[in-house]
1. State whether one or more residues within region 72-93 are of a type outside the set (A, V, I, L, M), under 26 Å from residue 198 (Cα atoms), over 15 Å from the mean Cα position of the chain (by Cα) and at pLDDT 95 or above.
2. Need at least 3 residues that are in contact with an Asp or Glu (Cβ under 8 Å, 6 or more places away or on another chain), of a type outside the set (S, T, N, Q) and under 25 Å from residue 205 (Cα atoms) per element, so show me which strands (runs of 3 or more DSSP E) inside region 82-183 make the cut, counting only ones lying wholly within it.
3. From the list 44, 67, which residue is within 30 Å of residue 193 (Cα to Cα) and in contact with a strand residue (DSSP E or B) (Cβ under 6 Å, 6 or more places away or on another chain)?
4. Quick one: how many residues across region 121-140 are over 24 Å from residue 188 (Cβ atoms) and surrounded by fewer than 20 Cβ atoms within 10 Å (Cβ to Cβ)?
5. I'd like the full set of residues that are among the hydroxyl-bearing types (Ser, Thr, Tyr) and exposed (fewer than 13 other Cβ atoms within 10 Å of the Cβ), limited to region 2-32.
6. Looking only at region 93-136, count every residue that is without any contact (Cβ under 8 Å) to a residue 40 or more places away in the chain and within 12 Å of residue 75 (Cβ to Cβ) and tell me the total.
7. Test residue 118 against the stated conditions and say whether it is crowded, with 19+ Cβ neighbours inside 10 Å, modelled with pLDDT of 95 or more and over 21 Å from residue 64 (Cα atoms).
8. Of all residues in region 153-182 being touching a residue at least 40 places away in the same chain (Cβ under 8 Å) and more than 24 Å from residue 48 (Cα to Cα), which is surrounded by the most Cβ atoms within 10 Å (Cβ to Cβ)?
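The values are calculated or read from the model by the stated rules, or taken from the named source; none is laboratory data. These figures come from a predicted structure and were not determined experimentally. Heads up, the Cβs are rebuilt from the backbone with ideal geometry, glycines too, and the neighbour counts pull from every protein chain shown.
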Amino acid sequence: MHGPSPIDFLLEAYRQGVFPMAEDAAHEDFAFYRPVMRGLLPIKTIHIPQKLLKTIRAQKYAITVNKAFEAIIDGCAASGSKRSKTWINRPIRDLFVMLHHHGHAHSIECWTKDGKLAGGLYGLSIGAVFCGESMVSFEKDASKVALIYLCALLHRGGYTVLDTQFINPHLLQFGAYEIEQEKYEALIATEMNKPACALADIMLDHKLMESFLAANRED
């Protein structure tokens, strides 16, 4: 008898409300975490700071979906001036690349006008839930722009939950909040079984963002 595949095992872990983290990039293994409180971001009503809104309206970056997944996760895993260490080790990285190739993990990329990767984010989608994993900027505000575009895509695609696992000062500026882990697990038990559009199938153009910004201002 064979056990579940690594992909099925990881998807089931997320369905149970837990997620993998390594101590740092050098560790060869990882553990699954179930926090006491769970971080979430509102999708439709995410707070967009005025300076960021101007950057988005100026269309400083070209946005794509799933065009550079490995470059984004490798950027998120790299240590640098803004992060001394990372929880993304090689096994987690390789698992998510597998998830990506099987259509479960997705990246949002921002590109400069001369075609340079400016940053982005990646995460995992199950049903109407998107589990955001990590963000990275190589150019100013690129990950923030990617986050707002992610919300626009999620809103258009019928997603209801944007999980951030934890909250931090960076996410608080966008309206991140916490709920008890037990409530999160009850929430995803329903929402992960709801249908939603694949992010790559949603038309990504200027009209998408304008429509989202109009809906965002309604509240």
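1. No: region 72-93 contains no residue that is of a type outside the set (A, V, I, L, M), under 26 Å from residue 198 (Cα atoms), over 15 Å from the mean Cα position of the chain (by Cα) and at pLDDT 95 or above.
2. 117-126, 129-137
3. Numbers: 44 fails: in contact with a strand residue (DSSP E or B) (Cβ under 6 Å, 6 or more places away or on another chain).
After ruling out the rest, the residue left standing is 67.
4. 4
5. From region 2-32, those among the hydroxyl-bearing types (Ser, Thr, Tyr) are 5, 14; that's our starting set.
Of everything in region 2-32, just one residue is among the hydroxyl-bearing types (Ser, Thr, Tyr) and exposed (fewer than 13 other Cβ atoms within 10 Å of the Cβ), namely 5.
6. Matching residues across region 93-136 total 1.
7. Details: crowded, with 19+ Cβ neighbours inside 10 Å: yes; modelled with pLDDT of 95 or more: yes; over 21 Å from residue 64 (Cα atoms): no.
No, not satisfied.
8. Taking the candidates together, the pick is 181.
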